[in-house]
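Just below is one structure, and these are the notes that go with it.
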């Protein structure tokens, strides 16, 4: 996706730099992840590789357990950034960032303590089903260690939200690239020197934590902040300031996670595990492309907030129109290509023979609708317009399951995607209408 913007404003330049860096970071992440996965799949024993995959899944889970404070912090910092660069505003931003970090850190400490205290009652033998007692014991220790590393890492990674707020997402992308390259180099060294399963996993957690500390350092260095401590009163005040917005973001994130994954369980329940595997391969291709759209949209978050505060509606309209057009063109082209060649691509990739041309096309329509909706959603999220989004999302979630089951009884797997398309349309209409209404005041 390449977006050409005619405006030469500083905001546009910052966005183009951030988006380009995000795309580069995602490209490097994709390449290194594919190579690392291939190397470790051969180096580890099959059950060891399974444990590696499960512990990696924990990272995404804990990154989402921030109760929306990350996005709420991003919006408040964006507002302060848009209001100028005075010493007073800079001091407020410093205090807000530190308070948010300590809130994150406290939550991470509580969660880590809960997991450690209750580790003995977790049914590990069911979660990690293996006959290898030694591997089971190592895996349990790894899961506990990974959990502690990940929850504290989620607190450290508040710098990513801050960089987006200051329209400097390229620095966050830089840290991500360093993280991936360092671990890639270590994996090559570890395999060459025949390091243990435990050592490779621990190295992964250490590299992740060190690069997150680097990210925090870079953000403070870029801001030239000298204040590193904050009073309890300021922390409580920030908590009260962010609480309402963070809860709304948390609800929106929760519904989004459920709706992003529930279709897999519906397929499993209605058609069996074999069908889940085939369907997931098709969906994974679209999800892979969707990541690149996210990389283009997220650097706009802080820019949208600044533009609305400064009443630069023309810039918002211009950028929104362009990202929407690019999204429509990209996903339409992708859906057509996959309709004709998707089955062959799946075979070359996985060795599986599938006949899902219509699913490729229907999922293309669904992801096209979602892509356009994402453009407007990022804008509305950047200015805390969340209540109606949450209400519509909850209603959609309630309607989706019975509608999917009903249509699957008639149209099989196609019926599932029909239902996904149907329930996504009301949300898209709301997002477009509400956005147009907000921008029509100019």
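Could you grab me the full set of residues in segment 318-345 that are touching a residue at least 12 places away in the same chain (Cβ under 8 Å), surrounded by 13 or more Cβ atoms within 10 Å (Cβ to Cβ) and over 25 Å from the mean Cα position of the chain (by Cα)?
Of everything in segment 318-345, those that are touching a residue at least 12 places away in the same chain (Cβ under 8 Å), surrounded by 13 or more Cβ atoms within 10 Å (Cβ to Cβ) and over 25 Å from the mean Cα position of the chain (by Cα) turn out to be 318, 336, 339, 342, 343, 345.
Looking at segment 244-264, is at least one residue not in a helix (DSSP H, G or I) and not assigned by TED's automatic domain parsing to the domain that holds residue 80?
Of all residues in segment 244-264, those not in a helix (DSSP H, G or I) come to none.
No: zero hits.
Any idea which of 353, 346 is on the phi < 0 side of the Ramachandran plot and outside any helix (DSSP H, G or I)? Write out each step before concluding.
Details: 346 fails: outside any helix (DSSP H, G or I).
That would be 353, the only listed residue that is on the phi < 0 side of the Ramachandran plot and outside any helix (DSSP H, G or I).
Tell me which residues, restricted to segment 36-67, are over 22 Å from residue 143 (Cβ atoms) and modelled with pLDDT under 80.
Selection gives 38, 67.
Determine which single condition residue 274 fails, assuming it passes every other condition in (1) surrounded by fewer than 14 Cβ atoms within 10 Å (Cβ to Cβ); (2) more than 21 Å from the chain's Cα centre (by Cα); (3) at pLDDT 80 or above.
All conditions pass for residue 274, except number (3).
For segment 164-201, how many residues are part of a loop (DSSP other than H, G, I, E, B) and farther than 25 Å from residue 142 by Cα? Outline the logic, then answer.
From segment 164-201, those part of a loop (DSSP other than H, G, I, E, B) are 166-168, 193-196; that's our starting set.
Narrowing the set further to residues that are farther than 25 Å from residue 142 by Cα leaves 166-168.
Number satisfying all stated conditions: 3.
In segment 201-232, how many residues are crowded, with 17+ Cβ neighbours inside 10 Å, modelled with pLDDT of 90 or more and more than 25 Å from the chain's Cα centre (by Cα)?
Result for segment 201-232: 0.
Would you check if residue 179 is modelled with pLDDT of 90 or more, buried (at least 20 other Cβ atoms within 10 Å of the Cβ) and either over 24 Å from residue 101 (Cβ atoms) or out of contact with any strand residue (DSSP E or B) (no Cβ under 6 Å at 6 or more places or on another chain) (or both)? Working first, answer last.
On the way: modelled with pLDDT of 90 or more: yes; buried (at least 20 other Cβ atoms within 10 Å of the Cβ): yes; either over 24 Å from residue 101 (Cβ atoms) or out of contact with any strand residue (DSSP E or B) (no Cβ under 6 Å at 6 or more places or on another chain) (or both): yes.
Here the answer is yes, as residue 179 does meet what is asked.
So, residue 371, is that one under 23 Å from residue 276 (Cα atoms), crowded, with 19+ Cβ neighbours inside 10 Å and in contact (Cβ under 8 Å) with a residue 24 or more places away in the chain or not? Steps first, please.
Numbers: under 23 Å from residue 276 (Cα atoms): no; crowded, with 19+ Cβ neighbours inside 10 Å: yes; in contact (Cβ under 8 Å) with a residue 24 or more places away in the chain: yes.
No; evaluated as a whole, the condition is false for this residue.
Let's see how each residue does on (1) assigned by TED's automatic domain parsing to the domain that holds residue 354; (2) assigned to a helix (DSSP H, G or I); (3) more than 19 Å from residue 365 (Cα to Cα); (4) without any contact (Cβ under 8 Å) to a residue 24 or more places away in the chain:
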position: 402; (1), (2), (3), (4): yes, yes, yes, yes
position: 405; (1), (2), (3), (4): yes, yes, yes, no
position: 414; (1), (2), (3), (4): yes, yes, no, no
position: 421; (1), (2), (3), (4): yes, yes, no, no
position: 427; (1), (2), (3), (4): yes, yes, no, no
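I'd like to know if segment 277-293 contains one or more residues that are crowded, with 18+ Cβ neighbours inside 10 Å and either closer than 18 Å to residue 386 by Cα or in contact with a strand residue (DSSP E or B) (Cβ under 6 Å, 6 or more places away or on another chain) (or both).
No.
Every residue, every condition in (1) without any contact (Cβ under 8 Å) to a residue 60 or more places away in the chain; (2) assigned by TED's automatic domain parsing to the domain that holds residue 72; (3) over 25 Å from residue 324 (Cα atoms), yes or no:
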| site | (1), (2), (3) |
| --- | --- |
| 378 | no, no, no |
| 381 | no, no, no |
| 385 | yes, no, no |
| 388 | yes, no, no |
| 393 | no, no, no |
| 399 | yes, no, yes |
| 410 | yes, no, yes |
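Can you tell me which residue among 156, 135 is surrounded by 17 or more Cβ atoms within 10 Å (Cβ to Cβ), within 22 Å of residue 37 (Cα to Cα) and touching a residue at least 24 places away in the same chain (Cβ under 8 Å)?
Numbers: 156 fails: within 22 Å of residue 37 (Cα to Cα).
The conditions single out 135.
The values are calculated or read from the model by the stated rules, or taken from the named source; none is laboratory data. What you see is a predicted model; the values in this text were computed from it and never measured. With ideal geometry, Cβ positions are generated from the backbone for all residues, glycine too; neighbour counts draw on all protein chains shown.
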